[in-house]
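Structure, as C-alpha cells:
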Amino acid sequence: MEQTKVNIESVNRILEIASSDMDLLETETYNIVQNATLTEQLLQYSNRYRSFDDRIQEAFHEALNIFETAYDYQASFEKISQALELAEPGVTDRFVTSYEKTREMIRF
C-alpha cells in the first residue's frame, strides 16, 4: 500500500495560523462583550440624570439607537460615557474599574 506523506511543516504552519486566529477571536469577543456590558450599565446609570439633563437625555437616545440598530457597542459606549462625564467626572473609569475587577470571572 502506498501512503501519502504528510508535510509536517505545512501542518504546523496551519496550526500556528489557526491558533493565532482563535486567540484573536477570543480577544475580540471579550472586547465586544465588555463594551456591550459597560454600555448597558452606563445607559442604566444615566437614568438618574435624564429627567433634568437634556444632554444626557439626547446622548441616551443616540447611544441606545447605535446599540440596538448598528450593534456598534464601542461607539455607543463612547457616546453615553462622554455625556455622563460632563455631569459626573470619573464615572466611566469607575464602571470600567469595577468591570475589570470581575473580568476573570466572566472570561471564557
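Just so it is clear, none of the values below were taken in a lab; they were calculated from the coordinates. Note that this is a predicted model, so its numbers are computed, not measured. Glycine gets a Cβ as well: all are built from the backbone with ideal geometry, and neighbour counts include every protein chain shown.
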* To do: Using the charge dipole of the chain (Lys, Arg: +1 at Cβ; Asp, Glu: -1 at Cβ; taken about the Cα centre), state which of Ala18, Ala75, Thr39 has its Cα farthest towards the positive end.
  => Thr39
* Evaluate E = 1/(1 + (r/R0)^6) for Arg103 and Arg13, where r is the Cβ-Cβ distance and R0 equals 35 Å; express this FRET efficiency to the nearest 0.05. => 0.60
* Structure fact -> At R0 = 35 Å the Cβ-Cβ FRET efficiency linking Glu28 and Phe52, nearest 0.05, sits at 0.35
* By Kyte-Doolittle mean hydropathy of at least -0.5 and Cα axial length of at least 15 Å, which whole DSSP H helices of the chain are selected? -> 8-45, 73-87
* Given Cα pairs under 8 Å that are at least 6 residues apart, what percent is the relative contact order of the chain? -> 25
* Selection of trypsin sites (Lys or Arg not before Pro), segment 1-85, meeting DSSP coil and at most 16 other Cβ within 10 Å -> Lys5
* **Point-charge dipole on Cβ atoms (K/R +1, D/E -1) for the chain, about Cα centre, debye to 20** => 280
* To do: Compute the Kirkwood hydrodynamic radius of the chain, taking the inverse of the mean of 1/r over all pairs of distinct Cα atoms, and give it in Å to one decimal.
  => 16.3
